[in-house]
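Taking it in order: structure first as structure tokens, then the write-up.
The values are calculated or read from the model by the stated rules, or taken from the named source; none is laboratory data. Not measured: the values here are computed from a predicted model. Remember, those area values only see protein heavy atoms, side chains included, never the ligands or the DNA or RNA. Shrake-Rupley method; radii C 1.70, N 1.55, O 1.52, S 1.80 Å.
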Amino acid sequence: MESRIKELQEKYWAGETSLAEEAELKAYFKKNPSLTMEGRYWNALKAKQTQTPPKAFKHPSANWRSRWSVAAAITVGLIAAVLVIQDARSQREFVVEDPKEAYEITRKALLMVSSGLNEGKTYSKEIGNINKAKEIISEEK
């Protein structure tokens, strides 16, 4: 038995024991609390397991922080809800029921976009002229 315990102790200190083997070691040292270093270790380990820890430190402001974060989240949620409701009410003013009127509004919006695109087209011609001048200058060198 002693050789088995020595073998298990060596495996334990090498970090190669299974849970069953560690349980076997604990049981052996519980029955035979020897004065060897390992025996004292197992006894101290058992004492630590049964010892109740002292009260854990809790930061005094931790509770207040959580309350403030909950209050802030609720406030942000309420403000967002109010803004969404107000926006929905203001959108009702722009509802168009008549299909002809909706067509005219859409046509005007598309013409406005088209005129902006046409302006960009003229600028792109100017950029093309700059590129031609650059090519001419590079050919002369």
(request) Give, as residue ranges, the helices (runs of 4 or more DSSP H) completely inside region 1-81 that count at least 1 residues that are open to solvent by 100 Å² or more (accessible area, probe 1.4 Å) and at pLDDT 85 or above. (result) 19-31
(message) Among the residues that make up region 95-109, is at least one of them at pLDDT below 75, in a helix (DSSP H, G or I) and open to solvent by 100 Å² or more (accessible area, probe 1.4 Å)?
(response) no
(message) One residue is enough: does region 122-137 have a residue meeting the conditions within 45 Å of the chain's Cα centre (by Cα), modelled with pLDDT of 75 or more and of a type in the set (S, T, N, Q)?
(response) no
